[in-house]
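Written out below as structure tokens is the structure these notes cover.
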């Protein structure tokens, strides 16, 4: 049947599928419900002939339209219901612009979603004091290489402060850092000792655990605090000879555990655990180093406190019977480094370093919040104080 043989509209039951050969009936003459899906045999009507037909004019399942047959131009809002799109019939990546509802073939994909790199670092723990004084544990570190963000959504950002170094015994733990529903745990405080009761105080658990002190007069050797899985590591243990010298363990780091101090009088405090390196800011930077352990030696000389871990960990302090001391140092700001422990009553003890949150995504600026920079094609939002990131 040729095109010149059809005049007027084609109505239901007047034309059967066997009478439809390729390209003989244009879409413009197909009125509402004239031809059902059962009457359209495979390849009888090509996709190009349906390009202007609204969804009310094509009923039934569109099982005969294969992959790639319908492009984004042909799917206007509501033109083809999701129940008519079978699995794999429409390439969501290149053929659909906008949103398909969830269910019946849609997966909720929206062009408003994009992905970003994300770094969350909590505050480091403060160092402990007396009888070796353990180093503070590093703040927990979370990293994501492809974290989903939704345009227009606000994500609360909280930057954790570092814990205070102890003025008496045990250091304070660092505060948590938060991005939306994600939380990095503050580093555990370094251990110390209660000289009045002879009680040894172990390192606290946290993102990374604080190092422990020791207590020679009571022949006690402490154990470091426990780190949080996926965020940090355990603190190191303290050691003593049981009568004279006592050294503290290093705080745990995001990359490795704190070192337990050696078993000799001149071995000094344990080294803090190492942090991890991230280039999310555009420059490779280490975050989450543990604080070094302190040491005490009763003679006129003394060994040095443990070094802080790479990634902002503070160095441990040292003290001797002659009241000569080397002060511990603080964890570096915005690294989550643990503070150094102090071995005796004299000399400073280290505070933990504050945390940081960084969001980075490819392309021009899409979000707001934090300090915004552009490096190597990435837009970077850096938060050193609490606020809101709006995607």
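The values are calculated or read from the model by the stated rules, or taken from the named source; none is laboratory data. Please read all numbers here as calculations on a predicted model, not as lab measurements. Note that each Cβ is placed from the backbone with ideal geometry, even for glycine, and that neighbours are counted across all protein chains shown.
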### Query
Mind checking which residues of region 315-331 are within 37 Å of the chain's Cα centre (by Cα) and buried (at least 24 other Cβ atoms within 10 Å of the Cβ)?
315, 316, 317, 318, 328, 329, 330, 331
### Query
Does residue 322 qualify as being at pLDDT 95 or above and farther than 17 Å from residue 167 by Cα?
no
### Message
Filter region 242-260 down to the residues that are at pLDDT below 95 and surrounded by fewer than 24 Cβ atoms within 10 Å (Cβ to Cβ) and list them by number.
### Response
242, 243, 244
### Summary
When restricted to 128, 124, 139, 133, the only residue closer than 17 Å to residue 254 by Cα, crowded, with 19+ Cβ neighbours inside 10 Å and either in contact with a strand residue (DSSP E or B) (Cβ under 7 Å, 6 or more places away or on another chain) or free of Cβ contacts under 8 Å to residues at least 24 places away in the same chain (or both) is 139
### Query
Does region 139-161 include one or more residues that are at pLDDT 95 or above and closer than 30 Å to residue 297 by Cβ?
no
### Query
If residue 212 passes every condition in (1) at pLDDT below 95; (2) out of contact with any helix residue (DSSP H, G or I) (no Cβ under 9 Å at 6 or more places or on another chain); (3) at negative phi; (4) surrounded by fewer than 24 Cβ atoms within 10 Å (Cβ to Cβ) but one, which one does it miss?
(4)
### Task
Go through 324, 371 for me and flag whichever is more than 23 Å from residue 273 (Cα to Cα), in contact with a strand residue (DSSP E or B) (Cβ under 7 Å, 6 or more places away or on another chain) and assigned by TED's automatic domain parsing to the domain that holds residue 152.
371
#### Entry: Residue satisfying condition, being more than 18 Å from the chain's Cα centre (by Cα) and under 22 Å from residue 191 (Cα atoms), within set 289, 363, 312, 355
312
### Query
Are any of the residues in region 297-310 farther than 19 Å from residue 122 by Cα, in contact with a helix residue (DSSP H, G or I) (Cβ under 7 Å, 6 or more places away or on another chain), modelled with pLDDT under 90 and surrounded by 24 or more Cβ atoms within 10 Å (Cβ to Cβ)?
no
